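Accompanying notes for the structure given below.
The values are calculated or read from the model by the stated rules, or taken from the named source; none is laboratory data. Fair warning: this is a prediction, and the values are worked out from it, not measured in the lab. Note: ideal-geometry Cβ built from the backbone for every residue, glycine included; neighbour counts use all protein chains shown.
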Amino acid sequence: MTILDLSDSMWMVAFKMSQGDPEAMAICVDLINRNGEIDPSGIPRIQSLLYLDSMGLYGPKIVSLYRVCHSELVSFIAVVRAWQLGHLRKQQVVYAIDRFESGHPTSGLDIEGVLAFVRGRLPNFSGAPKEDSWEPSSS
């Protein structure tokens, strides 16, 4: 079951997806602002959030997935796109989040391999992961 509605404003989408978690809200707002520039072949602004909703990933799970992706927005979007393109299964993404949340040192996801796959399938997918790092404020 999804929580987003076609009548939701962008900010309502971010609020619903974040479930009130400030870090998740910051990530969702960053996705709204930058998704189109990073993945121009997709639906600008909302694509990654729609796929996260389809996977049932909200609030703290979004933050954990972001951490699994080394806190890099390009890598985060690539993982979501790899799921959408059939390269990753939802179970793999959830397993990586669960491993991260349990304190395991590795997530089980090959982020560089995911990036290579997505860039191979979507030549306009842009951004160098190391240059695109973002860390939510801890205030």
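Filtered by the rule that a residue be surrounded by 16 or more Cβ atoms within 10 Å (Cβ to Cβ) and either part of a loop (DSSP other than H, G, I, E, B) or in contact with a Lys or Arg (Cβ under 7 Å, 6 or more places away or on another chain) (or both), region 57-70 gives Leu57, Tyr58, Gly59, Cys69.
From the list Leu85, Leu50, Leu73, the one residue that fits, being among the hydrophobic types (A, V, I, L, M, F, W, C), within 23 Å of Asp5 (Cβ to Cβ), touching a residue at least 24 places away in the same chain (Cβ under 8 Å) and in contact with a helix residue (DSSP H, G or I) (Cβ under 9 Å, 6 or more places away or on another chain), is Leu50. Picking from residues in region 34-49 that are outside any helix (DSSP H, G or I) and of a type in the set (A, V, I, L, M), the one that is surrounded by the fewest Cβ atoms within 10 Å (Cβ to Cβ) is Ile43. Checked against the criteria, Ser54 does not count as surrounded by fewer than 17 Cβ atoms within 10 Å (Cβ to Cβ), over 13 Å from Leu73 (Cβ atoms) and touching a Leu at 6+ places or on another chain (Cβ under 8 Å). Among the residues making up region 14-30, a single one is in a helix (DSSP H, G or I) and either polar (S, T, N, Q) or at pLDDT below 95 (or both): Ser18.
The single condition among (1) under 18 Å from Gly108 (Cα atoms); (2) at pLDDT below 95; (3) not polar (S, T, N, Q) that Gly36 does not satisfy is (1).
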